[in-house]
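Novice: Sharing a structure, written as structure tokens. Questions coming.
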Amino acid sequence: MDLRAVRGMKDILPEHVGQWHRLERTFRAAAERHGYAEVRTPLLEPTELFVRQIGESTDVVEKEMYSFERHGDALTVRPEGTAGVARAYVQNAVQGKEPVSRWYYLGPMFRAERPAKGRLRQFHQAGCELFGDPGPVCDAELIGLVAEVVGELGIGNYRIHVNSIGDKAAQARYREALRSHFAPIAGSLSEDSRRRLQTNPLRILDSKSPEDAAAIAAAPTATELLDGDDATHFQALCRYLESLELPFVVDPKLVRGLDYYTRTLFELRTTTDELGAQSALAGGGRYDGMVESLGGPAVPAIGFAMGLERLLALMPEAGAAAGPHCYLVTLGEPTLATALGLASRLRQAGLRVELDARAASLKAKLRRADGLRATLCLLLGEGELGRGVVTVKDLARHEQWEVSLEEAPRSLGTRLAEGPPPAGAGSRPG
Ligand code: HAM
């Protein structure tokens, strides 16, 4: 068969899902500790939402969106979560119901990027969005939340980069300063950067082309152009981050690939080279103008999203997933109906039960029970059926006994509650 998954989109097989669950659990628990509640928005949104909010001259909108038309509607599969969440906030008039909203989400995002290590076309994000507080205390607290999740996952070796690009007026000033800086040397810039000089000079700072490096290093920074409230906001943020003792650096050339940001920008980057060029584990910032531009009132907002595949690549392996409590082996067709009923009663008693009703040999079935690291193996043959019992083999303790079918859920539940044998009391047959 040569039908394969779409390039840059991956199957997540059951053997890996345990790690995904651990990551998702850790994120949810941390977000909920901080007062965030889950929101779920559609995967499809009007194309116009992303074009207007993310910005026409960004890579995402210019070349990475999966967009199509259906029944006359221009639709896009979400490349990120923030625009959809803000749309939901405005559409449901949430600002009238509560002064501050803290929402989190988890799910797949889609960008037609060139696949590389750490860069997929379907990837997953966990994100938080906070509406109604202009910061900078909540900015620092939100950055602290990202660090908390990453730390709890066992990932060290990271640094938080922060910057401020000011409000929209400061950004216009900054764009002009960058134009004046790059225009006289435009001839030496990469083709992409020459184009961006016209459309959006901030994007030049993102360029990885070697011919742009020297000009970028000498470019003015946004922070040196900050004034008034923007400057005060950023200074206070840095003070709060220090008080939280977070490993952060002010990175005055940090820009992000989405146009909606105002003031605070941040990225949490791994300092190892395990993800190649894709070192950002999470990114976010303030977007004080978005709610208003979507037709809502002037509500400030800030948020972040973390890339789950990138976090998983750096998470230390957890112990092997727990096997079934009981592996129920049937021996012969007449035992099947009773086995089905027994498995069901055991599960009702809260046990994890796997029923092996295959026509395979006893040896093959025992091998499978061992491979799954089942605690108990239950054998139901015609002899057991006649006596109204099931044979129980404790695979770790090398013990075997019979228990009546009726008593099995209670008696096996008690046995399993005793836990594993003490170290050295028995070993698993190899
Ligand atoms: P972003 O920086 O585009 O921001 O994405 C956030 C994170 O998603 C990145 O740091 C990275 O870990 C992961 N990511 C992005 N693209 C890919 C990809 N192609 N493959 C694998 N992982 C990827 C946003 O999306 C904003 N919505 C964040 C935000 C929320 N800003 C404010 N609120």
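The values are calculated or read from the model by the stated rules, or taken from the named source; none is laboratory data. Given the structure is predicted, the values throughout are model-derived calculations rather than measurements. Glycine gets a Cβ as well: all are built from the backbone with ideal geometry, and neighbour counts include every protein chain shown. All accessible areas refer to the heavy atoms of the entire protein, side chains included, with ligands and DNA or RNA removed. Shrake-Rupley method; radii C 1.70, N 1.55, O 1.52, S 1.80 Å.
Novice: To the nearest Å, what is the center-to-center distance of the stretch 103-147 and the stretch 268-283, using C-alpha atoms only?
Specialist: 14 Å
Novice: Which trypsin sites (Lys or Arg not before Pro) in the stretch 95-199 pass both tests, a DSSP loop state and at most 15 other beta-carbon atoms within 10 Å? Intermediate results must be reported in sequence, preceding the final value.
Specialist: Working: sites: Lys97, Arg102, Arg111, Lys117, Arg119, Arg121, Arg159, Lys168, Arg173, Arg175, Arg179, Arg194, Arg195, Arg196; in loops: Lys97, Arg111, Lys117, Arg121.
For trypsin sites (Lys or Arg not before Pro) across the stretch 95-199 that sit outside H, G, I, E and B with at most 15 neighbouring Cβ atoms in 10 Å, the list reads Lys97, Lys117.
Novice: Contact order normalised by length for the stretch 1-126, with contacts defined as Cα pairs under 8 Å and 6 or more residues apart; what percent is it? Walk me through the intermediate numbers first.
Specialist: Numbers: 143 pairs, mean separation 36.7, N = 126.
The value is 29 percent.
Novice: Among the DSSP beta bridges whose two residues both lie in the stretch 326-417, what percent are antiparallel, rounded to the nearest 5? Walk me through the intermediate numbers first.
Specialist: Numbers: 10 of 19 bridges.
Just about 55 percent of them are antiparallel.
Novice: Under 8 Å for C-alpha pairs, at least 6 residues apart: give me the relative contact order for the chain, rounded to a whole percent. Spell out each step's value before the answer.
Specialist: Numbers: 706 pairs, mean separation 62.9, N = 430.
Across the chain, relative contact order equals 15 percent.
Novice: Out of Leu311, Leu202, Leu331, any idea which swings most in a Gaussian network model of the chain, alpha carbons joined below 10 Å?
Specialist: Leu331
Novice: Would you tally the net charge around Asp230, using a Cβ to Cβ cut-off of less than 14 Å, leaving Asp230 out, and scoring K and R as +1, D and E as -1? Before the final figure, lay out the partial values.
Specialist: Working: positive: Lys168, Arg173, Arg263, Arg286; negative: Asp139, Asp167, Glu224, Asp227, Asp229, Asp288.
Spelling it out: positives minus negatives among the neighbours equals -2.
Novice: While we're looking at this one, here's another question. With every protein chain present, what accessible area does His16 have (1.4 Å probe, heavy atoms only), rounded to the nearest 10 Å²?
Specialist: 100 Å²
Novice: Right, here's the next one. With both bridge residues required to lie in the stretch 18-174, what share of the DSSP beta bridges run antiparallel, to the nearest 5%? List each step's numbers first, then the result.
Specialist: Working: 19 of 21 bridges.
Antiparallel bridges: around 90 percent, rounded to the nearest 5.
Novice: Using the Kirkwood radius over Cα pairs, work out the Stokes-Einstein diffusion coefficient for the chain at 20 °C and 1.002 mPa s, in µm²/s as a whole number.
Specialist: Details: Rh = 25.4 Å.
My calculation gives 84 µm²/s for D.
Novice: Here is a further query. Hey, got a sec? Which chymotrypsin sites (Phe, Trp or Tyr not before Pro) in the stretch 17-109 land in a DSSP loop and have at most 13 other Cβ atoms within 10 Å? Before the final figure, lay out each step's value.
Specialist: On the way: sites: Trp20, Phe27, Tyr36, Phe50, Tyr66, Phe68, Tyr89, Trp103, Tyr104, Tyr105; in loops: Tyr36.
Answer in residue order: no site qualifies.
Novice: For the stretch 118-210, what D do you get in µm² per second when you plug the Kirkwood radius from alpha-carbon pairs into Stokes-Einstein at 20 °C and 1.002 mPa s? Don't skip to the end; give the middle numbers.
Specialist: Values: Rh = 16.8 Å.
Approximately 128 µm²/s, per Stokes-Einstein.
Novice: In µm²/s, what is D for the stretch 197-301 at 4 °C and 1.567 mPa s, where D = kT/(6 pi eta Rh) by Stokes-Einstein and Rh is the Kirkwood radius from Cα pairs? Show your work: numbers first, answer last.
Specialist: Numbers: Rh = 15.9 Å.
The diffusion coefficient I find is 82 µm²/s.
Novice: Report the GluC sites (Glu not before Pro) located in the stretch 206-272 that are in a DSSP loop and have at most 12 other Cβ atoms inside 10 Å of their Cβ, or state none.
Specialist: Values: sites: Glu211, Glu224, Glu242, Glu245, Glu267; in loops: Glu245.
Filter output for the stretch 206-272: Glu245.
Novice: Can you pull the percent of the chain's accessible area that's carbon plus sulfur, 1.4 Å probe, other chains left in place?
Specialist: Numbers: 10770 of 20800 Å².
About 52 percent, which is the carbon plus sulfur part of the accessible surface.
Novice: I would also like to ask the following. What's the extension gain from Ala321 to Asp59 if we count 0.36 nm per residue and subtract their Cα-Cα distance? List each step's numbers first, then the result.
Specialist: Details: separation 262, 0.36 × 262 = 94.32 nm, distance 4.01 nm.
The span from Ala321 to Asp59 would gain 90.3 nm if fully extended.
Novice: List residues of the stretch 103-125, by number, whose backbone nitrogen lies under 19 Å from a label position 7 Å along Cα→C-beta of Glu191.
Specialist: Under cut-off, by backbone N: 114.
Novice: Additional query: Helix-only mean residue ellipticity at 222 nm, the chain, DSSP H runs n ≥ 4 weighted -39,500 (n - 2.57), per residue, nearest 500. What is it?
Specialist: Working: 15 runs with 153 residues, N = 430.
After summing the helix terms and dividing by the residues of the chain, the value is -10500 deg cm²/dmol.
Novice: What does the C-alpha gyration tensor say about the overall shape of the stretch 326-417? Classify as rounded when a/c is under 1.5, otherwise prolate if a/b is larger than b/c, or oblate.
Specialist: Cα axes put the stretch 326-417 in the rounded bin.
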